[in-house]
Structure formats: C-alpha cells, structure tokens
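First the structure, in the form of structure tokens, and then the observations on it.
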Amino acid sequence: LSLYSSPARETKYVENPKTELEEGVSRLRHVMEPYTAWCQVQWFVLQLVVAQGALCSGFFSEGYEFLQKPPAGFYPRLGVISFAGIIGLFLARGSKIKKLVYPAALMGIGTSMYYPQQAVAIAKVSG
C-alpha cells in the first residue's frame, strides 16, 4: 500500500426532501412566471419611452403635485369609488363578462355621483 493514496470511498449525494412551503413557492413561481415576464417587458418598454422623451414629463409631475395637494374630500371619494369596484368584483362571481361589467358600472355610478359635470360631458362624447 502506498502512503499517499487513500482507498476510494463510495459516497452518495442525497438531496433533502422539499418541504410543503418550498413546493408551494415553486408552484407559485411557475404560475406567476408569464405575468412577471409580461410586467418586465412592459417596464422595459416604459423605460424606453421615458428615456426617449416621448412621454410628457409634465403629466407625471402634475399627477404628483395633485396627489400632494389634493382638493378637499378627494381621498374619501376615491375610497368610495374603489370600494364600489371591489363590491362589483364580489358580486360578479362566475362569468368573465360580469367581472368586467359590474366593477366598471359600480365605479362609474360612484364617480358620477361625485363628479356629475364630468359624467355628463363623458356621456355626451361617448353617445
């Protein structure tokens, strides 16, 4: 026997079994993969558009200023309109058409209650 060699040991790699949490996260990642890929593409396109200056930077700054100094009662109105949309989602069980129509209709009704002049103008334009 040589002093510098050691006998070959037979080793076997055993992978730890996955836990339920790891399995769930793995399934979630596989389900969400198309959506995250779509969002990444949209984010990339948005960055390109903003970088090229095609979007008016005044639009974003005006929106930011509006949210910093909103008119009186803006956030409660926004809450009521949003809540109407959520109620519409709960009422629209089953059909995909209902899921589109109910929330939009309830939010439209809520919006027209708070902003009647704009609702009339939109109704005239849309016919």
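The values are calculated or read from the model by the stated rules, or taken from the named source; none is laboratory data. Quick caveat, the model's predicted, so the values are computed rather than measured. FYI the Cβ positions are ideal-geometry reconstructions off the backbone, even for glycines, and counts take in every protein chain you see.
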Practice task
Please tell me if Val50 is at pLDDT below 85, in a helix (DSSP H, G or I), surrounded by 11 or more Cβ atoms within 10 Å (Cβ to Cβ) and among the β-branched types (Val, Ile, Thr).
Solution key: yes
Practice task
Kindly establish whether Lys99 is modelled with pLDDT of 85 or more and assigned to a loop (DSSP other than H, G, I, E, B).
Solution key: no
